[in-house]
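Have a look at the structure below before the remarks.
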Amino acid sequence: MGDRKRWAARETSAAQRLVSPLAQVHEHGVRMENTIGLVMVRHACRDLLILCPPVASRHHRRQVGKHRAQSKPRTGVEATRDADVTEEVQRRSVPAAFVRGLDEGRRRDPACTGRNDGMRVSCSRMGLPEFGFESTAEEVTDGLDLAGKTFFVTGCNSGLGLETMRVLGLRGAHVIGAARTQDKAAAAIASTGVSGTAVECELSEASSVRACAATLRAFDRPIDGLICNAGIMALPEARTTHGLDLQFLTNHIGHFILVTEALDALAENGRVVVLSSGAHRMAPEVGIDFDNLSGERDYTPWKMYGQSKLANILFTSHLAGRLADSGRTANALHPGVILTNLVRHIEDPQAMLGTMKLKTIPQGAATQCVVATRPELSDVSGKYFSDCKVAKTHPLAADTELAEKLWVRSEEIAASLS
């Protein structure tokens, strides 16, 4: 066996071990795609491309690039088979664009930095301390006295919501914790020992959301922050509830109804904080596919999840415009990549995400705590944050016409749900 064949076989074996949960093995080759890059193995000795830094060295990738440039394009039956395999793998796995999107999302917004060179730079113009990727929720709230303030958090019973509630309570705030059942919320509050009130909020059921909003309006004090933390991700098969994709319904419509119906409960300088994701870059090319909100046509888990996360940003930016000059603010954020219950629908999350630079839960909760509490951000609205700083979004997230259309459609959907 020649050197090239030995090297190709070795790298193919390593690639298959790396992404074996996602691999689709065929007689003539394998195409695999996962979060850390794109792996394509086609007749390993003739045409191999591996873009996986943990597997292939820079020299190996350079050699592969030269080899691919000399290889013949696949046509006919081979090309058709490749397309079929790629479609199936994309349905089951996380697109490489997700990683590129996370990197792009960490580039700072020129409104924050005064620069647009893609480098991580300070938000000193806002007076915000140098928090970043490794900052924790406790660190970013250190020194803050939140006594007398009240915050509302959805998804308070696990993951980022639980940590956010704990830290807000640690700083003296009263926290209204929402979960799918009141018992789950009460247990979470008891586990943290914070001053809290438990409420039910099943985001996929409008009646539960409206009851929660009514509780907030009737509360004996104004709400200083509505933190829309809960969500679901990458359902492996299409699930439709009330004629909508369950991710779009839960992640966007549920929070849309909650926030719009609870605005009267928001303090004069209150903040709306909505968790989005760098995965908003995986939304359909049109941004929001208004003709396929059920997701039943050409369903892929990450495309529909990305659409719901893009909707979060569009909703928040449009809400910020409506709140202009009111003293209230609305911002969205990407918390990072964290192994929480959010990944429960992924077959093997450790294999899929384990090679990425992950955040701990305390680190993942930091950005929402920054946006919800830091006094330096009291008049910052309509922004998107990542790693505790203002960050860039996909251009679709800044489309004001799309945001207006989504708002109108969301109002129609909300009115149709009992």
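Computed from the coordinates by the stated procedures, all read-outs in this text should not be read as laboratory data. Fair warning: this is a prediction, and the values are worked out from it, not measured in the lab. Note that we place each Cβ from the backbone using ideal geometry, even for glycine, and neighbour counts take in every protein chain shown.
General remarks:
- Note, ³J(HN,Hα) from phi for segment 235-243, Karplus 6.51, -1.76, 1.60, rounded to Hz, x at Gly and Pro: 4, x, 10, 4, 10, 10, 10, 6, x
- Taking the centroid of alpha carbons for each part, segment 299-326 and segment 380-403 are 9 Å apart.
- Label-to-label distance, nm, for residues given as residue 360 and residue 190 (7 Å Cα→Cβ offset): 2.7 nm
- Spin-label model, residue 237 to residue 207: label points 7 Å out along the Cα-to-beta-carbon direction sit 2.7 nm apart.
- Greater than 29 Å apart at Cα, pairs in 357/405; 303/392; 383/405: 357/405
- Between residue 416 and residue 130, the FRET efficiency from the beta-carbon distance, with R0 = 56 Å, is close to 0.75.
- Taking 0.36 nm per residue of separation and subtracting the Cα-Cα distance, full extension of the segment from residue 138 to residue 325 would add 64.2 nm.
- With neighbours defined as other Cβ atoms within 10 Å of a residue's Cβ, the residues 408, 274 order from fewest to most as 408, 274.
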